[in-house]
Every structure is written in C-alpha cells, then in structure tokens.
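Only one structure is covered here, and it is reproduced in the block below.
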Amino acid sequence: MTAIEIAFEEGVLILTLNRPDKKNALSDDMYRVLAEALEEAERDPATRVVMLKGAQGVFTAGNDLSDFAAVAAGGEKPKHAFRFLEALARAEKPIVAAVVGLAVGIGVTVLLHCDLVYVADDARLSTPFVNLALAPEAASSLLLPARIGHARAFAMFALGEPMLGETAARLGIANAALPAAEVEAAALAAAKALSRRPLGSLMATKRLMRDAEAISQVMKREGEIFTERLRTAEAAEAFQAFAQRRAPDFSKLS
C-alpha cells in the first residue's frame, strides 16, 4: 500500500503525503501514485483543483535517499520520479500546496509548480542538492532564480541552509505564512475558492503564465545531469556519510 492518501472535496483533489516514519520522504512508488493522480486530474472533469499537503506535521523530507544510494551503487534509477515531474510541468489545472514542518529538496522545488502556496511561518525549506553532491531538479534551476533572484537561489542550492516559511513568503515562494495550525485550512479554502471560478479561464490563465514546453526541456536537461551526478564518487561519499551520520569529506575527490 502506498503512502499517499487521496481524497476529494468540492472539486478539490487532495493528495496527502503520509509516510511519517520517514518524514514523508518520497519513494518511487509514491511518485507513481502522485503522477497517476495528476494525470487523471487533468482528464477528470470533476476535478477542478489539486491540493498537496503532508501528514503528521511535515510536508516532506524530500526524496528517499536509499533510492539515491542504490543508484550510486550501480542500481537502476527510480522509474516514476520524472513522470511526476513531467505531470507537474504540463498540469493545466491549478495546484495548491499546504506546507508545515520540513520541506526538503523536492519538497521545495514542487512548490515552484504550484499556483498558490501557504506555509507555516516556522516551516523549514531547504534545497541541499550540493550538500549531497547532486544538482537542482524539477526545473528549479530555471524557476527558483526567476522567483527569488540568482544570488538567493544559488545560496539555497549551494549552501543548503534552511529558509523559514515567513522568509519564503516574503521572497515570493509562498503566498502567505501563517501559524502552522492554520495552514491547511487556508490552503483548502483557497483551493475551494478556485474550484468555484470558471475552469476554462483558470486554465487559460495558467497556460499564459507558464511555458510548459520550456519547463519540461529544463527538467530533462537537469535529469540527465542529476543521474550523472548520482554515479559520481562525490555522491557515493555523500550517501555513505549520511548513512554513517558523519560529515562528508570531499577534499580528496575531484
């Protein structure tokens, strides 16, 4: 059974990440279910808005690093992550996110594809790709600098330091930062408000605001580099260090 809960309320498809033992880290099977849900949402006339949230006071700790470590050790790369990203890139119906607790890696980059984002003021958003000897994904190398500027985006990618939700709202990653207990209700209210708007007009507006083809092409280029990075000695050291609960040492690697 996958760790994605699916519910439907007043035209809103609600997708909840629910893997509390791993802080809602995304496995490949979770990516499969999310991709299928987004694809079906585009086809289903009853679905007018999609909402993403996490259970147990956490949005997501990002990708399941055991999947990355397996690729670094010579295994096959996950099959469904890029399918999910492609569904995000090409989604025409509005997507709303509710973020509390941790939002790491894909937990941040997915927000760049959401049309409305509500975060807890004490949420901690981070994109530690360089810390893991990897590279940005989900078209974030394009979308994050466009949202907050090159210098801030590079710092998020390269330093991996957490950003509080209140800062994310101030910089434009989110619409509003609220007390954690109010975030989900605010996001759902916004999603329901969107569901009452003319859907054709919403979709036309979103198409005009996003170049889906350009975003998809950036994703593909990032994906190639990301996969290459997974098989480097630097990545192997990063994952070994994580498993051993120590700081990685990249000083002897080139």
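Of the helices (runs of 4 or more DSSP H) lying entirely inside the stretch 94-184, the ones with 3 or more residues being within 17 Å of the chain's Cα centre (by Cα) and under 21 Å from Ser27 (Cβ atoms) are found at 106-109. For the stretch 221-240, filtered to residues that are surrounded by fewer than 17 Cβ atoms within 10 Å (Cβ to Cβ) and among the aliphatic types (A, V, I, L, M), the residue that is nearest to the chain's Cα centre (by Cα) is Ile225. Restricting the stretch 1-55 to residues that are of a type in the set (S, T, N, Q) and under 18 Å from Ala81 (Cα atoms), the residue that is surrounded by the most Cβ atoms within 10 Å (Cβ to Cβ) is Asn24.
Can you confirm whether the stretch 196-210 contains a residue that is more than 19 Å from Ser141 (Cα to Cα) and surrounded by 17 or more Cβ atoms within 10 Å (Cβ to Cβ)?
Here is the first cut: in the stretch 196-210, the ones more than 19 Å from Ser141 (Cα to Cα) are 196-208.
So of that shortlist, the ones also surrounded by 17 or more Cβ atoms within 10 Å (Cβ to Cβ) come out as 199, 202.
Checked against the condition, which is being more than 19 Å from Ser141 (Cα to Cα) and surrounded by 17 or more Cβ atoms within 10 Å (Cβ to Cβ), the stretch 196-210 yields at least one hit.
So for the stretch 225-243 (the condition being closer than 30 Å to Ile95 by Cβ, in a loop (DSSP other than H, G, I, E, B) and out of contact with any Asp or Glu (no Cβ under 9 Å at 6 or more places or on another chain)), does at least one residue qualify? Among the residues of the stretch 225-243, not one is closer than 30 Å to Ile95 by Cβ, in a loop (DSSP other than H, G, I, E, B) and out of contact with any Asp or Glu (no Cβ under 9 Å at 6 or more places or on another chain), which makes the answer no.
For the stretch 10-31, a residue qualifies if it is among the hydroxyl-bearing types (Ser, Thr, Tyr) and either part of a loop (DSSP other than H, G, I, E, B) or in contact with a Pro (Cβ under 8 Å, 6 or more places away or on another chain) (or both), and the qualifying residues are Ser27, Tyr31.
Each value in this text was obtained by applying a stated rule to the coordinates, not by laboratory testing. The structure presented is a predicted model; accordingly, all values stated were derived computationally and were not measured. Note that each Cβ is placed from the backbone with ideal geometry, even for glycine, and that neighbours are counted across all protein chains shown.
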